[in-house]
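Reading through the structure tokens given below for one structure.
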Amino acid sequence: MKLLRDIWRSYRRRDSVATTKGKLQLVVHSLWLHIHPAKVHRSHFRLTYTWYLGFVSFYLFLILVATGVALMFYYRPTTAFAYQDMKDLEFAVFLGKFTRNMHRWGAHAMIIVVVLHMYRVYFTGSYKKPRQLNWVIGVALLLLTLLLSFTGYLLPWDQLAFWAITVGTAIGAYTPWLGPKGREILLGGHTVGDAALIRFYVLHCVALPTLTTLLIMLHFWRIRKDGGLSPPPSNLREFESPAPGTRPVAVAIPVAPHPGGTATSASARAVAVALEEVSEARAPRYAEDKDIAFSYPFAFYREGIAFLITFALMIVAAMYWNAPLEELANPAKTPNPSKAPWYFLGVQELVSYSALIGGVVAPALMVIALLVIPYLDTRDVRAPSKRKWGIWIFTLVTLANVVFIVIGTFFRGEGWKLVWPWASP
Amino acid sequence: MNRRSFFFSWAKAGAAALWTAGIAGTAAAVKFFQPMVSYEPPLSFKAGVPEDFPVGTPTLLPEENTFIVRDRERGFRACSAVCTHLGCTVRWSSGDQRFYCPCHGSVYDAEGKVIDGPAPRPLDWYEVTMAKDGQLQVDKHRVVPRDKRLIVES
């Protein structure tokens, strides 16, 4: 019994979580949990403020890594085997179809949730000083999400995959100077074939996920370094015209000796007092101590529930909808109409007017605009009601994208002609 | 020149050398990813004997993505089936004598000239020669004017 108790203690290394000290130790002593401070502000976890979109993006990424690694056990990235392995996954492997479905729908969901997350951050002005760099990292993560989806799209090696990548990379080839050479290097040749398949496979399974993981870590770390999750603008109303030289550092919430709490060590208390003095001057003063909660259980329970809901929805989606798999890729037969993945259909719609402007210039301008937003919009105003112009423009550009995607998806038929979605072909 | 500034001037030169090496190394790394061998279908290929191709209707060679056009009894041409817009394979419509691209609606006439849609250039025409074994030989390296034909003496 003593042995078992020793093993358990060596793992636990903290007081009971019924005590204040235990709650603090649980977070601070854990490699994984100390992603949060020991205490958080309740308002940051209000559902209607963040909608947990950042968390859900991350959960979807985890689900995608798990299902993706599982699929790798069966998939061989050569034109001779790839399609056959997809068929095996569909019809022979236990839960193969389910796993592939979850991977496919998870990828689509991640794009939607990441874009919504970006929209939320823009809407609440959370990209403003000192969070500009984290916004830029976020834009890079959005692009990586799209690239991951795009590279994964080729792997089934069906007609959908082949032509979407043929068209998608041809759009990229219109980039002045870099375009044609870049396409050749990406495809490992001039057409989509074996060389392209192995390149996309390595990018999709190794290079891009690694880069994404590193940037996600940086993204999370910067949240803490920039003062935690940005508080809702309503909390900042009184800080919107700060005295010169001060800035609203949002969540430098000190681990203060808690009224109900008992033991913090002397040095921890000294640090806490020092932090409190700093934060007195710089952090927004929250009205009441009751607005502060221990991360455990307050934050972790909420995040756990968000994960369970995300996972449950993905399971339901994977059970009820099957990921498409068309016939084997055939370079000689272009399906009519031939469409890029849906998230690029807005671009394809623009490309049907002009390949250079629609396929290269417009997307590049959009990305550049996203990157410079936090450095151009330096007004210290976060409330959406005081940023009407910015919000209007951002919303309209986003909506325009959605409209183009809807047109490209549902209103384009044979020969890219406008058709009604309910008209039978 | 004292010892300190002497040391720093050499340190600067060293840093510059490191930067140069780094840039050269990056360029070399990019070169690594550029394919040096290709297993794609050859760009010069044999299409078949002249009798294989009907007069008036372009015949698609699916492997090579090329149409063989026999628009006169003895005249042969080869037209690219790759849309100049984004690389989809165009299809021939004999009803109105046009090439249609299924991807973004580009339309070409029988001469490969753009009639409608976003295509920036007409379709390419390739040189056709007669191989020693009597087959038509198409060379995609050689783009020729669209009125250049191979006349086969019968």
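Taking the criterion of being over 24 Å from the mean Cα position of the chain (by Cα) and closer than 18 Å to B:GLU40 by Cα, the residues of the stretch A:147-181 that qualify are A:TRP157, A:PHE162, A:TRP163, A:THR166, A:ALA170, A:PRO180, A:LYS181. Do the conditions hold for A:THR99, that is, is it over 15 Å from the mean Cα position of the chain (by Cα), away from every other protein chain (no Cβ under 14 Å) and part of a helix (DSSP H, G or I)? Yes; evaluated as a whole, the condition is true for this residue. Contact map, the stretch A:327-350: residues that are free of Cβ contacts under 8 Å to residues at least 24 places away in the same chain paired with residues that are in a loop (DSSP other than H, G, I, E, B), Cβ distance under 6 Å, separation 6+ or inter-chain. Pairs shown: A:ALA332/B:PRO62. With respect to the conditions (1) in a strand (DSSP E or B); (2) away from chain A (no Cβ under 14 Å), B:LEU60 falls short on a single one, namely (2). B:SER44 falls short on exactly one of the conditions (1) free of Cβ contacts under 8 Å to residues at least 60 places away in the same chain; (2) among the polar types (S, T, N, Q); (3) more than 14 Å from every other protein chain (Cβ to nearest Cβ), and that condition is (1). All but one of (1) closer than 25 Å to A:ARG412 by Cα; (2) surrounded by fewer than 19 Cβ atoms within 10 Å (Cβ to Cβ); (3) away from chain A (no Cβ under 14 Å) hold for B:ALA11; state the number of the condition that does not hold. It is condition (1) that B:ALA11 fails.
Filter the stretch B:106-154 down to residues that are hydroxyl-bearing (Ser, Thr, Tyr) and part of a loop (DSSP other than H, G, I, E, B) and give me whichever is nearest to the other protein chains (Cβ to nearest Cβ). Full working, then the answer.
Going residue by residue through the stretch B:106-154, those that are hydroxyl-bearing (Ser, Thr, Tyr) are B:106, B:108, B:126, B:129, B:154.
The next check asks that each one be part of a loop (DSSP other than H, G, I, E, B); those that pass are B:106, B:154.
Numbers: B:SER106: 9, B:SER154: 30 Å.
Once the filter is applied, the top-ranked residue is B:SER106.
Scanning the stretch B:18-56 for residues that are more than 30 Å from A:VAL202 (Cα to Cα), part of a loop (DSSP other than H, G, I, E, B) and in contact with a Lys or Arg (Cβ under 8 Å, 6 or more places away or on another chain) yields a total of 4. Does the stretch A:114-132 contain at least one residue that is in a loop (DSSP other than H, G, I, E, B), within 25 Å of A:ILE315 (Cα to Cα) and open to solvent by 20 Å² or more (accessible area, probe 1.4 Å)? Checked the stretch A:114-132: no residue is in a loop (DSSP other than H, G, I, E, B), within 25 Å of A:ILE315 (Cα to Cα) and open to solvent by 20 Å² or more (accessible area, probe 1.4 Å). Residues that are over 22 Å from B:VAL144 (Cα atoms), assigned to a loop (DSSP other than H, G, I, E, B) and over 21 Å from the mean Cα position of the chain (by Cα) within the stretch B:80-102 comprise B:SER94, B:GLY95, B:ASP96, listed in sequence order.
Looking at the stretch B:14-27 only, could you name the residues that are open to solvent by less than 80 Å² (accessible area, probe 1.4 Å) and either hydroxyl-bearing (Ser, Thr, Tyr) or within 14 Å of chain A (Cβ to nearest Cβ) (or both)? B:ALA27 - this is the single residue of the stretch B:14-27 that is open to solvent by less than 80 Å² (accessible area, probe 1.4 Å) and either hydroxyl-bearing (Ser, Thr, Tyr) or within 14 Å of chain A (Cβ to nearest Cβ) (or both). The condition of being in contact with a Lys or Arg (Cβ under 6 Å, 6 or more places away or on another chain) and either open to solvent by 50 Å² or more (accessible area, probe 1.4 Å) or modelled with pLDDT of 90 or more (or both) holds for only one of A:ALA323, A:ALA281, A:ALA306, A:ALA329, that being A:ALA323.
Here the helices (runs of 4 or more DSSP H) wholly within the stretch A:323-425 that include at least 1 residues being facing another protein chain (nearest Cβ under 10 Å), more than 26 Å from the chain's Cα centre (by Cα) and not basic (Lys, Arg) are A:345-351. Listed by first and then second residue, the pairs linking a residue in the stretch B:63-86 that is open to solvent by less than 30 Å² (accessible area, probe 1.4 Å) to a residue that is aromatic (Phe, Trp, Tyr) and outside any strand (DSSP E or B), with Cβ atoms under 6 Å apart and 6 or more places separating them unless they lie on different chains, are B:ILE68/B:PHE53. Inclusion of B:PHE76 among residues that are not basic (Lys, Arg) and not assigned by TED's automatic domain parsing to the domain that holds B:PRO122 is not warranted.
Taking the criterion of being within 19 Å of A:TYR320 (Cβ to Cβ) and without any contact (Cβ under 8 Å) to a residue 40 or more places away in the chain, the residues of the stretch A:79-93 that qualify are A:LEU89, A:PHE91.
Condition (residue is exposed (fewer than 10 other Cβ atoms within 10 Å of the Cβ) and either within 30 Å of A:GLU184 (Cα to Cα) or assigned by TED's automatic domain parsing to the domain that holds B:ALA78 (or both)) applied to the stretch B:35-42: is it met by at least one residue?
Initially, the stretch B:35-42 is screened for residues exposed (fewer than 10 other Cβ atoms within 10 Å of the Cβ), giving B:36-37.
Right, trim to either within 30 Å of A:GLU184 (Cα to Cα) or assigned by TED's automatic domain parsing to the domain that holds B:ALA78 (or both) and you get B:36-37.
Yes: one or more hits.
Scanning the stretch A:347-356 for residues that are surrounded by 14 or more Cβ atoms within 10 Å (Cβ to Cβ) and either farther than 13 Å from A:ALA400 by Cα or β-branched (Val, Ile, Thr) (or both) returns A:VAL347, A:GLN348, A:VAL351, A:SER352, A:SER354, A:ALA355, A:LEU356.
Of everything in the stretch B:71-90, what is among the charged types (D, E, K, R) and at pLDDT 90 or above? Give them in sequence order. First the steps, then the outcome.
Here is the first cut: in the stretch B:71-90, the ones among the charged types (D, E, K, R) are B:71-74, B:77.
B:ARG77 - this is the single residue of the stretch B:71-90 that is among the charged types (D, E, K, R) and at pLDDT 90 or above.
Applying the condition of being in contact (Cβ under 8 Å) with a residue 24 or more places away in the chain and more than 14 Å from every other protein chain (Cβ to nearest Cβ) to the stretch A:191-212 and asking which residue is nearest to A:TRP157 (Cα to Cα) yields A:TYR201.
Taken residue by residue, the stretch A:410-419 has at least one member that is among the small types (Gly, Ala, Ser) and in contact (Cβ under 8 Å) with a residue 40 or more places away in the chain.
For the stretch A:33-56, the criterion of a residue being aliphatic (A, V, I, L, M), under 30 Å from A:VAL121 (Cα atoms), open to solvent by less than 30 Å² (accessible area, probe 1.4 Å) and over 19 Å from the mean Cα position of the chain (by Cα) is satisfied by at least one position.
Yes/no matrix, rows are residues, columns are (1) in contact with a Ser or Thr (Cβ under 9 Å, 6 or more places away or on another chain); (2) free of Cβ contacts under 8 Å to residues at least 24 places away in the same chain; (3) more than 14 Å from chain B (Cβ to nearest Cβ):
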position	(1), (2), (3)
A:VAL139	no, no, yes
A:LEU146	no, no, yes
A:GLY152	no, no, yes
A:LEU155	no, no, yes
A:ASP158	no, no, yes
A:ALA164	yes, no, no
A:GLY172	no, no, no
A:GLU184	no, yes, no
A:GLY189	yes, yes, no
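The values are calculated or read from the model by the stated rules, or taken from the named source; none is laboratory data. Note that the structure is a prediction, hence the values are computed from the model and not measured. When we count neighbours, we look across all protein chains shown, and the Cβ atoms used for this are built from the backbone with ideal geometry, even at glycine. Calculation scope for accessible area: heavy atoms of the full protein, side chains included, ligands and nucleic acids excluded. Shrake-Rupley method; radii C 1.70, N 1.55, O 1.52, S 1.80 Å.
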